[in-house]
Amino acid sequence: MIKERIDIENIDGQLFEIKLVDPDNSKHASFTHYLHNHKNGVSQFYKKDALSYVKEILEKEYPTTEITLEVAESALQYLLFDLNKSARFPAPENPNFKFIDLFAGIGGFRLGGQKNNGKCVFSSEWDKFAQQTYKENFGEIPFGDITKIEANAIPNHDVLFAGFPCQPFSYSGRNEGFKDKTRGTLFFDILRILEEKKPKMFLLENVKGLKSHNKGKTLETIIDSLTKLGYHLHWEILKSTDFGLPQKRERWYCIGSLNKIDFEFPKKINEKVTLRSIIDENEDSENLKLTEFELNRINYHFQNVRDDYQRVEHDSSKYEPTTKKGRNGIFSYQKPDGSLRFHVGDHAKTQIQEAFYCTLDTYSPTIIANRVPKLWDIGRKLSVLEAQRLQGFPDKYGFPVSDNQAYKQLGNSVSVPVIDLIIKEMTKYL
């Protein structure tokens, strides 16, 4: 029988090959969502496409065998018993609440949700490389472009999680409703799902700059839109350094509840954390080491500095005199915490930061998609493992992508311990 010759791996091995050929085909996502939700009644949303998908794969895998829907059904049921081995972070057996994971990235929200005994019933992420990392860790492929998914096709849930992009809204001067102002942005998709599904609570995350974006109008529109849907809001700017991570990452967090609650964001942990706590002392990869140019000018700073916190001027003759570097010069300066900063212009001029190097005994700046923290005292940048620790991801978290993609994904992700603690507070009201 066919079911004796199949398992998750030989079905799963076809998933991304087909996705790359047909990026609008959501059947692969339906298949993994069905496997994850066959016990909780949510599977009805995914079974039709899941069956069709298994049938397609089996026809490709066994071209000389007739594959009927009955055969596909039998194979699908067989695969249900083979699921756990494909997930590094399986869902809890007896969850207390259901959640959906929008703009899911690599699953930071999902880790926090599952740790607090929640069950993910729907995930969405458009980036194909982030989908691969998500699937590697949870055994589930997120659906793609959320703008193309009808709200009524999403299962009912108790909590909505979303780390959405900060985008400008429309302000025509007319007396527009919140839908008109937000239409065309990804926040609009959050609103339409909240309006249709009415989950008990939600948690949103965004950059700190959302607070002042467009002179505060963006945040005002967000708050007004969510309030008009019947939600009571609590929001706060929290720093990752206050929650055990050596990274100065400040983010806007907002929870909403249909019931009026006395919600309090988690209190900061009074504990100084430094990069020393996440560094792998055995890491010595050549590709992580600073360039000769970087090492030479770091050495030049320490060879020429006379007093603590003195600015050192570097040779800028190689830069065209009409450029900012050529016109204003390059200076280096060691801050009181030990970090080393290179900037354009002396202290009385523009001070445009050109490069920044941390030390083992301080914290890093925010890790973002195109910037990996570097340390001058060990002469290298962080490894992927260290970068995932910087964001609070477990060491066993898998990245089946290039290092550049892994850094980008971590830079775009959430700080897991912060999310975990906020969700822990939310569960008191579910």
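Things worth noting here:
- Subset tally (residues that are part of a strand (DSSP E or B) and either buried (at least 20 other Cβ atoms within 10 Å of the Cβ) or of a type in the set (A, V, I, L, M) (or both)) for the range 213-234: 1
- Close pairs from the range 342-361: first surrounded by fewer than 19 Cβ atoms within 10 Å (Cβ to Cβ), partner at pLDDT below 80, Cβ under 7 Å, at least 6 apart: Gly345/Gln351; Gly345/Ile352
- Some residue of the range 388-401 being acidic (Asp, Glu) and either in contact with a strand residue (DSSP E or B) (Cβ under 6 Å, 6 or more places away or on another chain) or in a loop (DSSP other than H, G, I, E, B) (or both): yes
- Residue match in the range 331-350 (condition: within 20 Å of the chain's Cα centre (by Cα) and not charged (D, E, K, R)): no
- Residue in the range 363-370 that is in contact with a Pro (Cβ under 8 Å, 6 or more places away or on another chain), in contact (Cβ under 8 Å) with a residue 24 or more places away in the chain, among the polar types (S, T, N, Q) and outside the structural domain of Asn96 (by TED's automatic domain parsing) present: yes
- Matching entry among Lys239, Lys228, Lys260 (being within 18 Å of Val418 (Cβ to Cβ) and not aromatic (Phe, Trp, Tyr)): Lys239
- The set of residues in the range 235-269 that are touching a residue at least 40 places away in the same chain (Cβ under 8 Å), in a loop (DSSP other than H, G, I, E, B) and either loosely packed, with under 14 Cβ neighbours inside 10 Å or out of contact with any helix residue (DSSP H, G or I) (no Cβ under 8 Å at 6 or more places or on another chain) (or both) comprises Leu258, Asn259, Glu264.
The values are calculated or read from the model by the stated rules, or taken from the named source; none is laboratory data. The shown structure was predicted, so the numbers you read here are calculated from the model rather than taken from an experiment. Reconstructed Cβ throughout: ideal geometry from the backbone, glycine too, with neighbour counts over all protein chains shown.
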